[in-house]
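One structure is given here, and the rest of the page talks about it.
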Amino acid sequence: MINALRDFRVFLRATHRWQGTCEVSRGICSACLRRTATTAQAIPDRNANLVIRQWKEAGLVGATHSSARGLATVSHDKPHDRGPLQEYEERVYSRRLRDDEHQRTIIQTLQDLHDMLAEYHPPNVKHPTVESLKPHKSLFGSLFGSGPKKSGMKISPNLPKGLYMYGDVGSGKTMLMDLFFDTLPHNVRSKTRIHFHNFMQEVHKDLHKMHIEHGSDLDAIPFVAANIADKSSVLCFDEFQVTDVADAMILRRLIEALMSHGCVLVTTSNRHPTDLYKNGIQRQSFIPCITLLQRQLRVLNLDSTTDYRKIPRPPSGVYHHPLDKAAASHADKWFRFLGDFQHDPPHDQVLRVWGRDVQVPLASGRCARFTFEELIGRATGAADYLELMRSFEAFVVTDVPGMTHRERDWARRFITFVDAVYESRAKLVLTTAVPLQNLFMSEEELSSSLSNSSDPSVQKTLHEDSAGDVDSATRMMMDDLGLSMAALKDSSLFSGDEERFAFARALSRLSEMGSKEWVERGLGMEERGGKEEREGWQVVRSRWREDSL
């Protein structure tokens, strides 16, 4: 019976477009079943009778009807009508691929991007003129050197987040890229897939040609980027790696220019973005490119690292923005991983705090899930958060908005919650409308505090303005985000220095809680010692709970 049910679910997935067109009231009739199953190759023809008989015994298949209406099956789909997940299902159930839970979660991420691209209409590419890219001559230019006019590149907030998939040899990078590229929605009319090394060779060739024609002082990168974006609204790189200083020096501006034209990037690599160009010449100049990749692409780990329960960890980090179609699946994956669906299916729960009820909408194992409105939008406080920390070890909070001075109370409560999670050493998963650095400051306020690493006077201000009370970890975090205490003092969100430091501390703690070390600690990951490591961490957590009573 169990095998029959499993195989029936397999079949229904393979014939995903069937919507009950069969006249049989329950399941699907034998005639439609045989025709559809063998056509879609969900089961081999020689095994059809055996499988159908098992399904009949399980009550899943009705009698043959006399006049069946049309039945839509996988075989009726054109290749470009299938998304990555549907194509994966078909390959698994035709036994061309082995079903793998970790791989399935990654393909769901591919499917999320596929769905966003199906509704995405890239802007028309605006080609810069050669004249606009020539050096801007001025009195100061003659004295201190000249530079090109600013290109005004700005990445639209509506640009779908691309993907950066990394993993060791044998992790399925090529198969996943094939699956994604081959199933791109039909509205994507300009797409390119190319090995990254070949791509960079072409870029250098085009840059050289522009310099020969118009002079070596021409800023040719925006011109070349516009030509590339014109040919490819979706650009897929195989084996992204940076080993050449010439590549490293132009990549950040090139990628930023492509994205400003609405180009969506998808790439595979054998290393995490932070490991790119490691120990390379002038690597510090390449750091902005790494930051750009991490901000604009979803970074997915293809290596199936598991915990002692054999549940693959989600491939991407714990924080996700914006609140797009991928946000819900991001929260679902982490809730399943941090919870215990097998022994404690998701359910609501009520905690008593000082004689009143605190509602937990969804709980599983030691993980609780809330929307921002459910957790912060209601009148909750430090006592509620402390009780939550005693009861749970992980939290998934979705739909977190950016908070301006109009949501000052929300910001204060959320900072208190973040501090409680950090102090209790719990895990935190977020889906946010804006990047972390924009949570408590508007884009206008943030832009006023962005540092220019090439401007010594700005760096001096960053390190010498009234930040003496900020610890070194917070200072490093603020430098990374380009924040200055002067901008915090000017922010309308905070009423005093203490609140401003609390904001900076919250961002610092969020950054730390998003690290791989923080997330994996206490989960019993096999590479960290498995179940014994988890049990040891439970002892530490139990002592914290005792101390907090």
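The values are calculated or read from the model by the stated rules, or taken from the named source; none is laboratory data. Only a predicted model underlies this, so the values are computations on that prediction, with no experimental measurement involved. Note that we place each Cβ from the backbone using ideal geometry, even for glycine, and neighbour counts take in every protein chain shown. Only protein heavy atoms, including side chains, enter the accessible area calculation; ligands, DNA and RNA are left aside. Shrake-Rupley method; radii C 1.70, N 1.55, O 1.52, S 1.80 Å.
Considering only residues that are in a helix (DSSP H, G or I) and loosely packed, with under 14 Cβ neighbours inside 10 Å, which ones fall in region 185-216?
Filtering region 185-216 for residues in a helix (DSSP H, G or I) gives 196-214.
Hits for region 185-216 are 198, 201, 202, 205, 208, 209, 211, 212, 213.
If you go through region 359-387 and keep only what is farther than 24 Å from residue 315 by Cα, open to solvent by less than 10 Å² (accessible area, probe 1.4 Å) and part of a strand (DSSP E or B), you end up with just 360.
If you go through region 314-351 and keep only what is farther than 14 Å from residue 369 by Cβ and without any contact (Cβ under 8 Å) to a residue 60 or more places away in the chain, you end up with 342, 343, 350, 351. Candidates in region 163-180 are the residues that are buried (at least 18 other Cβ atoms within 10 Å of the Cβ) and under 17 Å from residue 85 (Cα atoms); of these, the one that is nearest to the chain's Cα centre (by Cα) is 163. Within region 261-286, residues that are on the phi > 0 side of the Ramachandran plot have Cβ atoms under 6 Å from residues that are of a type in the set (Gly, Ala, Ser) and open to solvent by less than 20 Å² (accessible area, probe 1.4 Å) in these pairs: 277/248, counting only partners at least 6 apart in sequence or on another chain. Taking region 120-138 as the search range and keeping residues that are open to solvent by 20 Å² or more (accessible area, probe 1.4 Å) and either in contact with a Lys or Arg (Cβ under 9 Å, 6 or more places away or on another chain) or among the aromatic types (Phe, Trp, Tyr) (or both), which one is modelled with the lowest pLDDT? Only one residue fits best here, namely 136.
The one condition from (1) farther than 28 Å from residue 331 by Cβ; (2) open to solvent by 30 Å² or more (accessible area, probe 1.4 Å) that residue 294 does not meet is (1). Of the set (1) open to solvent by less than 30 Å² (accessible area, probe 1.4 Å); (2) assigned to a helix (DSSP H, G or I); (3) among the β-branched types (Val, Ile, Thr), all apply to residue 242 but (2).
Yes/no matrix, rows are residues, columns are (1) more than 24 Å from residue 543 (Cα to Cα); (2) within 22 Å of the chain's Cα centre (by Cα):
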| position | (1), (2) |
| --- | --- |
| 343 | yes, no |
| 352 | no, no |
| 356 | yes, no |
| 371 | yes, yes |
| 376 | yes, no |
| 385 | no, no |
| 389 | no, no |
| 397 | yes, yes |
| 400 | yes, yes |
